[in-house]
Amino acid sequence: MYRVLLPILSFAFPAASQAVELAVGLQSTFTNIEIQDPEHGDKDVAVMTSGFHILPTASLVSSPYYFAEDSNFGVQFQLDWSFFKAGQQELQNSREKVDLGTSVKGYAMTAVPVLFYHWHRDAGADWNTKVGIGFGAGYLDLKGHYQITHVAEQRGETRDVNFGGFGMAINVYLEANKGPHQFQLYNFSPILSEKSHDFQGHNVVMAYKYRFDLNL
């Protein structure tokens, strides 16, 4: 874990010393994992999915940098850590979700610079809102097994998943704050490739977090 955390921290918080917030809480996560096989033209061979799960979450967020003194546009560096679990699969050419006795679970850590627009940035302890998008690095750790459903000649085969690695991460989010309380609705999409398969997660998250000021 620490070998993973240190390079991500150095990417997300490059300054030697700056104000940083720790936000911890609970999230309700909907997960969709697309599994692609380059052998079959980078098409999906299986899609794992889930209903909403309540899971712990944590974030480290740098102090925001605004492009001008009176601007609502700015950027911040953000490290998010989230668990997820997918225990259902989509059938080919269907949006139906079924339980095939398979399950893939794991965690994702994403480090991204986030470009945002901040409404009521000078509201103090009152409500203020941010909407933003980020693109950066992510670490995805997966364990479990899935069944091939989207390739006719291999349909029904079960394959194990047990690896982790670095890849791209894309975040889009809406955030509402009131004092130390934070409410978020966001999507994060880590992408991981290994020799035989590509894994792309789509996670829609509703979260409540409580923020603490840190001094790194």
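The values are calculated or read from the model by the stated rules, or taken from the named source; none is laboratory data. Keep in mind it's a predicted model, so treat the numbers as computed, not measured. Reconstructed Cβ throughout: ideal geometry from the backbone, glycine too, with neighbour counts over all protein chains shown. To get the accessible areas, we keep the full protein, side chains included, count just its heavy atoms, and leave off ligands, DNA and RNA. Shrake-Rupley method; radii C 1.70, N 1.55, O 1.52, S 1.80 Å.
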Inset, instruction - With P(r) over Cα pairs in 10 Å bins from 0, in percent in mind, check [x] 8, 33, 31, 18, 9, 1, 0; [y] 7, 24, 21, 15, 12, 9, 6, 3, 2, 1, 0; [z] 8, 33, 36, 18, 4, 1 and report the label derived from this structure. - result: [x]
Inset, instruction - Run the 1.4 Å probe and let me know the accessible area of PHE77, rounded to the nearest 10 Å². - result: 60
Legend entry - Contact order relative to length of the range 132-215, as percent, for alpha carbon pairs under 8 angstrom and 6 or more apart: 25
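Evaluate E = 1/(1 + (r/R0)^6) for TYR65 and ASP160, where r is the Cβ-Cβ distance and R0 equals 45 Å; express this FRET efficiency to the nearest 0.05.
Approximately 0.55, to the nearest 0.05.
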Inset, instruction - Have a look at ALA68, ALA123, ALA86 and tell me which one the Gaussian network model of the chain (Cα, springs below 10 Å) gives the largest fluctuation. - result: ALA68
Inset, instruction - Return the carbon/sulfur percentage of the accessible area of the range 22-91, one whole number, probe 1.4 Å, all protein chains in place. - result: 62
Inset, instruction - Could you state the angle between the C-alpha long axis of helix 2-12 and the longest principal axis of the C-alpha atoms of the chain, as a value from 0 to 90 degrees rounded to the nearest 10? - result: 50
Legend entry - Neighbour cut-off at most 10 other Cβ (10 Å), DSSP loop, GluC sites (Glu not before Pro), the range 119-210: none
Legend entry - When each of LYS105/LYS130; LYS105/LYS209; LYS43/LYS85; LYS97/LYS178 is checked by Cα-Cα distance, pairs over 27 Å: LYS105/LYS130; LYS97/LYS178
Legend entry - Positive-pole candidate from ASN187, GLN154, ALA125, dipole of the range 109-216, charges at beta carbon: ALA125
Inset, instruction - Provide, as a two-decimal number, the C-alpha radius of gyration of the range 109-216 over 2.2 N^0.38 Å, N being how many residues it has. - result: 1.42
Inset, instruction - For the chain, calculate the relative contact order in percent as a whole number, restricting contacts to Cα pairs under 8 Å that are 6 or more residues apart. - result: 23
Legend entry - Cα centre as origin, Lys/Arg/Asp/Glu Cβ charges: the chain dipole, Debye: 420
Inset, instruction - Could you order ILE148, ILE133 by accessible surface area, starting with the largest, using a probe radius of 1.4 Å? - result: ILE133, ILE148
